[in-house]
Amino acid sequence: MRNFRLTLCYEGTRYKGWQRQGNTPDTLQTKLEELLGRVLEQKIELAGSGRTDAGVHARRQVCSFRAATDRSCGELLAALREHLPEDVGALALEEAAPRFHARLSCTGKRYVYRVWNSDAPCVFERRLVYPFPAALDVPAMERAAALLVGTHDFTAFCANRHMKKSAVRTLRAVDVERVGDELRLGFEGDGFLYNMVRILVGTLLEVGTGARRPEDMPAILASRDRARAGFTAPAKGLTLWDVEYA
């Protein structure tokens, strides 16, 4: 039995997220496990570095699986590329160390949220950006972002009200960058809660419009109350940008 590491990219628009679900076949994990099963002629269980929600994209998603096969990585990668749909790309396939696990071995992730900050149409990138034409105070957003960096309890920025595990996470960086009419919000950390990035984005956008003050961030964190944070930004603007391993 060999252990494999597969690196993917995908546009998540038409999928119900990464995670396999019992009520729909339209998840990335389900589609990939079925395809790998046909190629390798055996049942495959795929572990992803994390679960992207319905409609969320990935520039680099890493997953791992075990299979009994003598076929080379190059041959398997070519077979995947031949049969994958056009909105999913297999970037690399390599044999991994026996103990490598895409989720358990992961040491950090970077997400990027793309906001189209203009009233002009964004035709060619429309599936990858969130249109938000209101004027934004970017320096205020940057001040708020700086107050979110560090190790905190992010319960106020989590949509799972019944989560029993710790909500303490470390954000190593939160950056706000304007690229023409687009505003890119980057989040780098050791892990993320359910909808955490999208709620952080909604909160920072409210700071940008003047609905909140940058100085409100510590009080929101301390409250551990989801109602104190901002709205949940739509999934379409979010991309899993990179995944880190030691």
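Data for the structure
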| item | result |
| --- | --- |
| Overall form of the stretch 3-77 per C-alpha gyration tensor (a/c, 1.5; a/b vs b/c) | prolate |
| Most fluctuating residue given options Gly55, Gly22, Gly210, as computed from a GNM of the chain linking Cα atoms under 10 Å | Gly22 |
| Phi to ³J(HN,Hα) by Karplus 6.51 cos²θ - 1.76 cosθ + 1.60 over the stretch 5-13, Hz, x for Gly, Pro | 10, 10, 10, 10, 9, 7, 9, x, 3 |
| Alpha-carbon centroids, the stretch 1-34 and the stretch 148-200: separation in whole Å | 23 |
| J(HN,Hα) series, the stretch 68-75, from Karplus relation 6.51 cos²θ - 1.76 cosθ + 1.60, nearest Hz, glycine and proline x | 9, 7, 9, 6, 6, 4, x, 5 |
| The stretch 107-245: antiparallel DSSP beta bridges as a percent of all, rounded to 5 | 95 |
| Within-10-Å neighbourhood charge of Pro133 [Cβ basis; K, R +1; D, E -1] | -2 |
| Three-way shape label, the stretch 103-246, alpha-carbon gyration tensor, a/c 1.5 | oblate |
| Calculated over the chain: convex hull of Cα atoms, volume per residue (Å³) | 134 |
| Cα gyration tensor shape for the stretch 181-246, rounded if a/c is under 1.5, else prolate or oblate | oblate |
| More than 22 Å apart - percent of Cα-Cα pairs taken over the stretch 1-144 | 46 |
| Integer Hz, Karplus 6.51/-1.76/1.60 couplings in order for the stretch 201-209, x for Gly and Pro | 4, x, 5, 5, 5, 5, 5, x, 8 |
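Just so you know, all these numbers are worked out from the coordinates, no wet-lab data involved. Keep in mind it's a predicted model, so treat the numbers as computed, not measured. Quick reminder, even Gly has a Cβ in these numbers, built from the backbone with ideal geometry, and neighbours come from all protein chains shown.
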